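The values are calculated or read from the model by the stated rules, or taken from the named source; none is laboratory data. The structure displayed is predicted, hence computed values, not measured ones. Because the Cβ atoms are built from the backbone with ideal geometry, glycine has one as well, and the counts that use them run over all protein chains shown. Each accessible area value is taken on the protein alone, full model and side chains, heavy atoms only, with ligands, DNA and RNA left out. Shrake-Rupley method; radii C 1.70, N 1.55, O 1.52, S 1.80 Å.
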Amino acid sequence: MLLAVDGSENSLRAARLALRFCRLSPKVEVTALYVGPSCHSLFPDPGGCSFIKQKELDQEIEARAEKVFSAVREVFAPEGKEFRAAVERGNAAEAIARLAREGQYDLVVVGSRGYGEPGGMTLGSVSHKVIHLAPCPVVVVK
């Protein structure tokens, strides 16, 4: 199971639902995925992604991801359930669908509204895009 998380309340609800799925079988494995922005999406001008900016962005993404994974651990810990943590960069929906495809996941669990990407209200939410891009069933939690 691929659990997409961003630290929002809906993504933590998704984590709680993922844990409920885990209760159905001890064989269920969970990967929690946090997707941060890519440098090029934030600084599209040529040369905008200098090594220094990329390094600072990577450090910020890793720090945010660890906070999110810590919150997911709090959900999973009372039942002794472990999960793998993964961090990707780029468009969130595309990264979730790509990892679901490459990892041959059976299910994606995602919150209905997270912190999202700028422009999400006009272009459609990340969860809506994941439904259309993912190669497997997607559960959207509200």
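Annotations
- Greater than 29 Å apart at Cα, pairs in 55/81; 55/142; 81/142: 55/81; 55/142
- Close amide-amide hydrogen proximity is noted between residue 36 and 88, 89, 90, each under 5 Å apart and 5 or more residues distant or on a separate chain (H modeled in the peptide plane; Pro and chain starts excluded).
- With DNA, RNA and ligands ignored, accessible area of residue 16 (1.4 Å probe; Å², nearest 10): 100
- Count Lys and Arg as plus one, Asp and Glu as minus one, and take only other residues whose Cβ is under 12 Å from that of residue 67; the net charge is then -3.
- Distance between region 1-38 and region 76-112 - C-alpha centres, whole angstrom: 6
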